[in-house]
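To keep things clear, I will list the structure first and then write my remarks on it.
The values are calculated or read from the model by the stated rules, or taken from the named source; none is laboratory data. In this text, all values refer to a predicted model and were calculated from it rather than measured experimentally. Every residue, glycine among them, receives a Cβ derived from its backbone with ideal geometry; neighbour counts consider all protein chains shown. Surface accessibility is based on the protein's heavy atoms, side chains included, excluding ligands, DNA and RNA. Shrake-Rupley method; radii C 1.70, N 1.55, O 1.52, S 1.80 Å.
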Amino acid sequence: MDWIPTSPLQWAYEYYNVDWLFAQTPSESSFANAFGQEAGNAGDEDNFVIDQRGYKYIFVQEAREIFGQNLEDPRLHLSTTVKTIDYSAAESGGDIVVTTTDGQTFSAPHVISTFSVGVLQNQDVNFVPKLPDWKKEAIFTFAMTTYQKIFIMFDEQFWGPEQYMMYADPDQRGRYTVWQNINAPGFFPQGTTANLVMVTAIDDFARRNEKLTDDEVKEEVYQILKEMYGNDIPKPTDILVPRWTLDPLYRGTYSNWPIGATDQHHDNLGAPVGSGNTWLHFSGEAMSAELFGYVQGAWDEGLNAATTVAACLGGKCPTVDVFEAVTTCAQTATEFTRRDVGTKRKGMLARRGGRRNRK
Ligand SMILES: Cc1cc2nc3c(=O)[nH]c(=O)nc-3n(C[C@H](O)[C@H](O)[C@H](O)COP(=O)(O)OP(=O)(O)OC[C@H]3O[C@@H](n4cnc5c(N)ncnc54)[C@H](O)[C@@H]3O)c2cc1C
């Protein structure tokens, strides 16, 4: 609480410990929920995955158990974009109707949305009727962050063997601060022509980068690397600049719990809409109070949603609490004795006197 960074080095230190995890600044992240989450989950190891089969491999393997080796089960519709979810018939016991951009329609009494908070905020999908106010408030209360991992390739490795490099920009906090050596021991092989460094940009700075061309970003990071390693370094041969916010299927990278968002807002975020035996459920990483922003949170919430739907189909739909008018956090008063109040007042007068003296 007493940490107030004032120098570029302190900014970099703080960025590494906060922004680089939550993809938002300390003044945006909830102390109780975001920082609290990290304190509760920090493990001893921090692993960086370089498996070339990609992150989707895990899910494809899982899906094969249900949809067959070639994923050709007609129930599975890959690369199909949802345009509208119509739950207007719920009250009269009718199904929810999902329409896709290629004109297909699907109907069912239970539908699970796993759209990111960013997709929901951006209103890329139409809900009929519009989502209730308590739901919209929750969607807009939470943050969809942008965590941009920029990969830069060189013909030769001019940086050292260590995994991390830090740059403390003298003027702008969070400008290309944390660099990672992708050819560090245990990562990609050394001594080839594929020499990679990765630098992370977050939040406003990442969104600003998304609007630049690849060549503009390449030139910028080249200038920073020259400041770090001197003017004799070679020019980058290639660059990868992800643009998560501009992607209509993501609209950012993962959610964060901002200052001011309460548990009730979060309950509303995950609460279903519908009626009777027809419900539109909301799942995905953001719905996990413990592990929002993480794959594990998405996994847990997927399991929760599936369990809920199974219970509903068995005629035992769990009840849900919705907070229709969230005001503020419930607070417990701290009672001071008269003596405490007296001491406080004296203190205030003394400070006022102090200010006058300085004039
Ligand atoms: C750069 C980056 C770094 C990350 N680092 C880590 C990390 O180190 N550790 C960690 O645990 N997590 C990390 N995450 C977060 C993790 O990837 C997410 O929390 C997780 O993937 C969320 O899963 P999800 O199922 O909730 O959402 P998503 O994976 O976003 O799945 C939502 C799906 O909905 C689809 N979709 C969206 N709109 C439509 C539409 N209109 N119609 C049909 N389909 C649609 C999308 O295509 C997507 O497949 C990182 C994420 C990014 C982007």
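Is it the case that the stretch 88-101 has a residue that's in contact (Cβ under 8 Å) with a residue 24 or more places away in the chain, among the hydroxyl-bearing types (Ser, Thr, Tyr) and within 28 Å of Ser30 (Cβ to Cβ)?
Checked against the condition, which is being in contact (Cβ under 8 Å) with a residue 24 or more places away in the chain, among the hydroxyl-bearing types (Ser, Thr, Tyr) and within 28 Å of Ser30 (Cβ to Cβ), the stretch 88-101 yields no hits at all.
Which residues, taken from the stretch 188-204, are touching a residue at least 40 places away in the same chain (Cβ under 8 Å) and closer than 30 Å to Gly118 by Cβ?
Those that are touching a residue at least 40 places away in the same chain (Cβ under 8 Å) and closer than 30 Å to Gly118 by Cβ: Leu196, Val197, Met198, Val199, Thr200, Ala201, Ile202, Asp203.
Which is closer than 21 Å to Asp215 by Cα, open to solvent by 40 Å² or more (accessible area, probe 1.4 Å) and not aromatic (Phe, Trp, Tyr), of Gln148, Gln157?
Gln157
Checking the condition over 21 Å from Phe282 (Cα atoms), surrounded by 18 or more Cβ atoms within 10 Å (Cβ to Cβ) and hydroxyl-bearing (Ser, Thr, Tyr), which residue from Thr192, Thr177 passes?
Thr177
Which of the residues spanning the stretch 3-34 are under 16 Å from Asn256 (Cα atoms), of a type in the set (Gly, Ala, Ser), open to solvent by less than 40 Å² (accessible area, probe 1.4 Å) and not in a strand (DSSP E or B)?
Selection gives Ala23, Ser30, Ala34.
Check off (1) among the charged types (D, E, K, R); (2) free of Cβ contacts under 8 Å to residues at least 12 places away in the same chain; (3) closer than 30 Å to Val128 by Cβ; (4) away from the ligand (no atom under 16 Å from the Cβ) for Arg208 and give me the number that stays unchecked.
Of the numbered conditions (1) among the charged types (D, E, K, R); (2) free of Cβ contacts under 8 Å to residues at least 12 places away in the same chain; (3) closer than 30 Å to Val128 by Cβ; (4) away from the ligand (no atom under 16 Å from the Cβ), the odd one out for Arg208 is (3).
List pairs: first residue in the stretch 237-262 and open to solvent by 60 Å² or more (accessible area, probe 1.4 Å), second residue small (Gly, Ala, Ser) and within 11 Å of the ligand (Cβ to nearest atom) anywhere in the structure, Cβ distance under 7 angstrom, at least six positions apart or on different chains.
Listed pairs, sorted by first residue: Trp244/Gly252; Tyr250/Ser116; Tyr250/Gly118.
Return yes or no: is Lys136 farther than 28 Å from Asp321 by Cβ and not in a loop (DSSP other than H, G, I, E, B)?
No, not satisfied.
With the condition kept exactly as written, say whether any residue in the stretch 52-64 is more than 30 Å from Asn183 (Cα to Cα) and away from the ligand (no atom under 16 Å from the Cβ).
Checking the stretch 52-64: at least one residue is more than 30 Å from Asn183 (Cα to Cα) and away from the ligand (no atom under 16 Å from the Cβ).
Looking only at the stretch 237-250, how many residues end up being in a loop (DSSP other than H, G, I, E, B) and either near the ligand (Cβ under 8 Å from one of its atoms) or touching a strand residue (DSSP E or B) at 6+ places or on another chain (Cβ under 6 Å) (or both)?
Residues in the stretch 237-250 being in a loop (DSSP other than H, G, I, E, B) and either near the ligand (Cβ under 8 Å from one of its atoms) or touching a strand residue (DSSP E or B) at 6+ places or on another chain (Cβ under 6 Å) (or both): 7 in total.
Check the stretch 96-103 and report whether any residue there is modelled with pLDDT of 95 or more, of a type in the set (Asp, Glu) and surrounded by fewer than 11 Cβ atoms within 10 Å (Cβ to Cβ).
Yes, the conditions are met somewhere in the stretch 96-103.
Taking the stretch 50-79 only, how many residues are farther than 30 Å from Phe151 by Cβ and either in a strand (DSSP E or B) or not aliphatic (A, V, I, L, M) (or both)?
Final tally of qualifying residues: 10.
Inside the stretch 58-87, can you point out the residues that are in contact (Cβ under 8 Å) with a residue 24 or more places away in the chain and either open to solvent by 80 Å² or more (accessible area, probe 1.4 Å) or of a type outside the set (Val, Ile, Thr) (or both)?
His77, Lys83, Asp86, Tyr87
Which pairs have Cβ atoms under 7 Å, sit 6 or more apart or on different chains, and link a residue in the stretch 286-305 that is at pLDDT 95 or above and among the acidic types (Asp, Glu) to one that is in a helix (DSSP H, G or I) and near the ligand (Cβ under 6 Å from one of its atoms)?
Correct list of pairs: Glu301/Glu285.
In the stretch 273-288, which residues are open to solvent by less than 20 Å² (accessible area, probe 1.4 Å) and away from the ligand (no atom under 11 Å from the Cβ)?
Val273, Thr278, Leu280, His281
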